[in-house]
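The values are calculated or read from the model by the stated rules, or taken from the named source; none is laboratory data. For clarity, every value in this text was computed on a predicted model and none was experimentally measured. FYI the Cβ positions are ideal-geometry reconstructions off the backbone, even for glycines, and counts take in every protein chain you see. The accessibility values were calculated without ligands, DNA or RNA, using every heavy atom of the protein model including side chains. Shrake-Rupley method; radii C 1.70, N 1.55, O 1.52, S 1.80 Å.
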Amino acid sequence: MNILTFDIEEWYIEKAHRGGRSYRYKQFDETFTKLIDELDRLQLKATFFCVGQLGKDFPEIVKKIAGRGHEIGCHSNMHTWLDKMDEATLLQDTKDAIKALEDVSGQKVLSYRAPAFSITENNKWAVSSLAECGIENDASIFPATRDFGGYPSFPCDVPCKVSFEGATLKEYPLGLTTVLGKKIAYSGGGYFRLIPYWFVNRTIENREYNICYFHLSDLIQEEHKLMSKADYEEYFKQPGTLKNRFIRYAKSNVGTGDAYCKLVRLLKEHAFVNIQVADKEIDWGIVQTINL
Ligand SMILES: [Zn+2]
């Protein structure tokens, strides 16, 4: 089973943090239209995890996604990472986001992905908060170490149930592969851009479960500038050292040139479903339950 997902926040981030530059909006609009038309041609339905503020500030985007028959999922309200929130904040943030997305899309929002896969060992309580908000499916766990967070002790990388203090979610963790003894992601973001197509393709063929994830910015060829210390610290809430800023710079730029074509090739060569469809195909009675 291959699941196709997108995390959508670009227009909001541009408006809230980057000054609302019109050429960036134009790039997002063009890439988005190209992508959503391609999905129609290929008769593919994806899950689009959208930030709630997109529903408020750019409702036409959410309406267009829903109108083409894709699933609207929640990607937090303002792209705040969950490890920067306490329980009360996460509850409010999720309720606000779900309301904004449901009002605009007319769909019930049941699926969630935390920005930057930020459910970790330090905020397992997020599972109960999300369940309390009506979320049933989660795709926020990155079961290995990554530069921001990750959940290296999470014991599986296939669909399972996660349970915390009586609340349970159906979990779609990120699939991983092993290279030189190290677990790495291959199916989205910077990993997808960096890794050659043949390797991604072979890994997807060899695994029974894959979940692909892309941001529009992964698919736009643009020379991102090195962020200023102040911008980096405001956005990532981490020290804006030259090293940290340079790593981010390299990750934002590598492989963006051919990422869109690589994605289209992948979509043509493999069958994909969204989380809504996957949910019906998985026998949840026999999957592992992981008590966090
Ligand atoms: Zn995101």
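Filtered by the rule that a residue be of a type in the set (S, T, Y) and crowded, with 21+ Cβ neighbours inside 10 Å, segment 175-188 gives T177, Y186, S187. Of the residues making up segment 177-195, those that are of a type in the set (K, R) and part of a helix (DSSP H, G or I) number 1.
Among the residues making up segment 163-174, a single one is open to solvent by 10 Å² or more (accessible area, probe 1.4 Å), in a loop (DSSP other than H, G, I, E, B) and out of contact with any Phe, Trp or Tyr (no Cβ under 8 Å at 6 or more places or on another chain): G166.
Total residues in segment 263-285 satisfying the condition of being open to solvent by 50 Å² or more (accessible area, probe 1.4 Å) and either at pLDDT below 90 or closer than 23 Å to R193 by Cβ (or both): the figure is 4. Only residues that are closer than 20 Å to A278 by Cα, touching a Phe, Trp or Tyr at 6+ places or on another chain (Cβ under 6 Å) and of a type in the set (V, I, T) were counted across segment 175-224, and they come to 2. Restricting segment 135-148 to residues that are modelled with pLDDT of 95 or more and of a type in the set (S, T, N, Q) leaves a set whose member that is farthest from the ligand (Cβ to nearest atom) is N137.
For the criterion of being under 19 Å from N274 (Cα atoms) and either surrounded by fewer than 20 Cβ atoms within 10 Å (Cβ to Cβ) or among the small types (G, A, S) (or both), A139 passes.
Residues that are surrounded by 14 or more Cβ atoms within 10 Å (Cβ to Cβ), modelled with pLDDT under 80 and within 20 Å of the chain's Cα centre (by Cα) number at least 2 in the following helices (runs of 4 or more DSSP H) confined to segment 196-262: 229-236, 242-253.
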